[in-house]
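Working notes, structure below.
The values are calculated or read from the model by the stated rules, or taken from the named source; none is laboratory data. On a predicted model such as this, the values are computed, not experimentally measured, just so you know. Glycine gets a Cβ as well: all are built from the backbone with ideal geometry, and neighbour counts include every protein chain shown. All accessible areas refer to the heavy atoms of the entire protein, side chains included, with ligands and DNA or RNA removed. Shrake-Rupley method; radii C 1.70, N 1.55, O 1.52, S 1.80 Å.
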Amino acid sequence: MLRELINKYYSELKKDREQRHFYITDTGKCPRAVFFKFKKAPAEEMDPRVLMMFDHGDHIHQLIMKPLFGIRGIQVVAAEVNIPPQELISGRADAILSDSKDLYVLDIKSINGLIFKSLAEPKEEHINQIQLYLHFFKQKKGILLYVNKDTQELKEFLINYKPEIAQSLLNELKDLKTKIDKNIVPDRIPSWPDNWQCQYCQFREICSMTGEGNVSWESFKNKIEAESEPR
Ligand code: SF4
């Protein structure tokens, strides 16, 4: 009984969410998948287990923040800090820390043990996300702190602000916003369908039906609706 009720809770939680602007975590995601998310295109149901894992990740973040509040020599200047409000994108960094000399934007990532073990460099999508935090908070230094979900081991990487990366990411998001507003479905990612994002994508079916290249969303929707009408 409880298993079904908990699964239902997570499934309904997801349905209520409607996306109106980008999140910093959309950076580096397949533009077509982000487009479909904005348009609420038909998607495969997300496994409630995955949504529960996101919640679990939040708890791990809280666990990491606890000692930071008590460590001498480190001040938590702000925790769970939203980027300044603007139209294109929203996001919340885990914390801004100070060592009395410099400020650091902290982004905590919880990952599974296998990925953690082989992690010698921070992941590109995470570097991109922290570059945007640094850009919006006007800071020069960030820390990506990885937590092994299975063992609670930690690895940290210092990231310096690179304005050219942040600007190029913002330009990509602006291009995607134009496509969303003009109802142009972006092309698939080049390594479709083998890319890991495709393996976990909720829009695999609709992406395959849409075909290659930039496609008109309106004509595609009309075609699907016509095909589904009773003859
Ligand atoms: S299947 Fe791959 S290319 Fe298509 S929307 Fe999903 S992630 Fe993008």
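A few comments on the model shown:
- Considering residues of the range 192-203 that are over 12 Å from residue 34 (Cα atoms) and open to solvent by less than 50 Å² (accessible area, probe 1.4 Å) only, the residue nearest to the ligand (Cβ to nearest atom): 198
- Residues in the range 150-182 that are among the basic types (Lys, Arg) and over 18 Å from the mean Cα position of the chain (by Cα): 155, 162, 179, 182.
- Residue within the range 48-66 that is part of a helix (DSSP H, G or I), at pLDDT below 90, within 16 Å of the ligand (Cβ to nearest atom) and open to solvent by less than 50 Å² (accessible area, probe 1.4 Å) present: yes
- Residue that is farthest from the ligand (Cβ to nearest atom) [pool: residues in the range 204-226 that are hydrophobic (A, V, I, L, M, F, W, C) and assigned to a helix (DSSP H, G or I)]: 226
- Residues of the range 32-47 that are open to solvent by less than 50 Å² (accessible area, probe 1.4 Å) and within 12 Å of the ligand (Cβ to nearest atom): 32, 33, 34, 35, 36, 41.
- Within the option set 126, 135, being touching a Lys or Arg at 6+ places or on another chain (Cβ under 8 Å) and assigned to a helix (DSSP H, G or I) holds for one residue only, 126.
- Across the range 152-191, the number of residues qualifying as open to solvent by 50 Å² or more (accessible area, probe 1.4 Å), within 16 Å of the ligand (Cβ to nearest atom) and within 14 Å of residue 216 (Cα to Cα) comes to 3.
- Within the range 74-88, tally of residues that are within 21 Å of residue 100 (Cβ to Cβ) and either among the aromatic types (Phe, Trp, Tyr) or open to solvent by 50 Å² or more (accessible area, probe 1.4 Å) (or both): 3
- Restricting 88, 68 to those that are of a type in the set (A, V, I, L, M, F, W, C) and in contact with a His (Cβ under 8 Å, 6 or more places away or on another chain) reduces the list to 88.
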